[in-house]
Amino acid sequence: MTAFLIADGESGGDGPRSLTTDEANRLAITRFRNYQAQGRAVTITVPGTAGGVTVTGSVDYRRKVGYGVVHGSGRSESSDGLIQWTPTSVRVRPMTDAPAHAPASPPRSGWYDRPLLSSGSALDTSLSIALGLGGDRPDNAELLPQNGAAWWGRERVDGRWVDVMAGPSSPDRSGTAGNVRYWIGSDGTMYRVRVSVGSQPEPVVIDFDTHTYVPVEPVPGTTPAR
């Protein structure tokens with residue numbers, strides 16, 4: 001597969017190779033770091049053959065809820081508007097002139113509810129992946145290399161050097177090691193994730209700290225997840 005990297009144009013390393021103990025430990029805690037932070041500002045770039053979609057917003061990793069603004073290109077322009085999602089549901093508010101950033105307090109009306117699709121939608125898969133990048137405990141650092149996790153190199157992201165690591169195979173799907181790449185700092189902080197999704201020609205890219213994190217407020221009339 002051709003690497004899909006978005007960086008400052010500098011890279012180093014001749015991976016893939018096995019993770020060192022330090023690298024395995026940082027990969028093991030990277031989702032826990034997001035949980036410790038409560039939430040992170042994210043930009044989710046979802047490719048598509050007829051036009052891509054970008055979600056700019058925030059994810060609360062304690063409550064498992066995301067909120068932001070959607071901008072589409074090509075045929076996906078009809079997706080423009082506000083969005084709030086949980087592991088099971090999506091609320092959308094279409095807008096013909098969507099702002100660059102979602103308002104801190106969601107509007108009180110104009111929302112439409114639907115289930116979050118478990119398959120068949122690159123957007124919904126991407127939203128689900130974004131929510132899953134936080135965990136209330138570290139992963140098992142010893143098992144990561146055994147299940148295919150590896151070091152691929154170093155990249156500069158927003159002026160800082162980070163390690164690029166391939167994630168392990170999914171517990172329920174062998175042979176999927178490397179489908180997820182993580183850009184991880186020296187303290188285990190996650191700065192970028194790239195995921196191969198279904199039959200999409202290009203991977204989904206989730207960038208962190210692209211803007212100021214704004215705590216996620218529930219859409220009026222909904223009960224926040226606990």
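The values are calculated or read from the model by the stated rules, or taken from the named source; none is laboratory data. Just so we're clear, the structure is a prediction, and the values are computed from it rather than from any experiment. Please note: Cβ atoms are built from the backbone with ideal geometry, for glycine as well, and neighbour counts cover all protein chains shown. SASA here: full protein model, heavy atoms, side chains in, ligands and nucleic acids out. Shrake-Rupley method; radii C 1.70, N 1.55, O 1.52, S 1.80 Å.
Side notes on the structure shown:
- Count of residues meeting criterion [in contact (Cβ under 8 Å) with a residue 60 or more places away in the chain, under 13 Å from residue 72 (Cα atoms), small (Gly, Ala, Ser) and out of contact with any Leu (no Cβ under 9 Å at 6 or more places or on another chain)] in the stretch 32-56: 0
- Counting the residues of the stretch 94-117 that are within 21 Å of residue 213 (Cβ to Cβ), of a type outside the set (S, T, N, Q) and open to solvent by 40 Å² or more (accessible area, probe 1.4 Å) gives 5.
- Any hit, the stretch 2-9, residues being of a type in the set (D, E, K, R) and either in contact with a Ser or Thr (Cβ under 7 Å, 6 or more places away or on another chain) or modelled with pLDDT under 95 (or both): yes
- Scanning the stretch 147-161 for residues that are assigned to a strand (DSSP E or B) and in contact with a Leu (Cβ under 8 Å, 6 or more places away or on another chain) gives 150, 151, 155.
- Selection within the stretch 63-87 - without any contact (Cβ under 8 Å) to a residue 40 or more places away in the chain and assigned to a loop (DSSP other than H, G, I, E, B): 73, 80
- Test: residue 197 is in contact (Cβ under 8 Å) with a residue 12 or more places away in the chain and assigned to a loop (DSSP other than H, G, I, E, B): yes
- Test for residue 151: is it more than 18 Å from the chain's Cα centre (by Cα), open to solvent by less than 80 Å² (accessible area, probe 1.4 Å), within 20 Å of residue 183 (Cβ to Cβ) and of a type in the set (Phe, Trp, Tyr): yes
- Taken together, 90, 59 contain a single residue that is open to solvent by less than 20 Å² (accessible area, probe 1.4 Å), closer than 23 Å to residue 115 by Cβ, touching a strand residue (DSSP E or B) at 6+ places or on another chain (Cβ under 8 Å) and free of Cβ contacts under 8 Å to residues at least 40 places away in the same chain, which is 90.
- Residue among 20, 49, 30 that alone is over 22 Å from residue 208 (Cβ atoms) and modelled with pLDDT of 95 or more: 20
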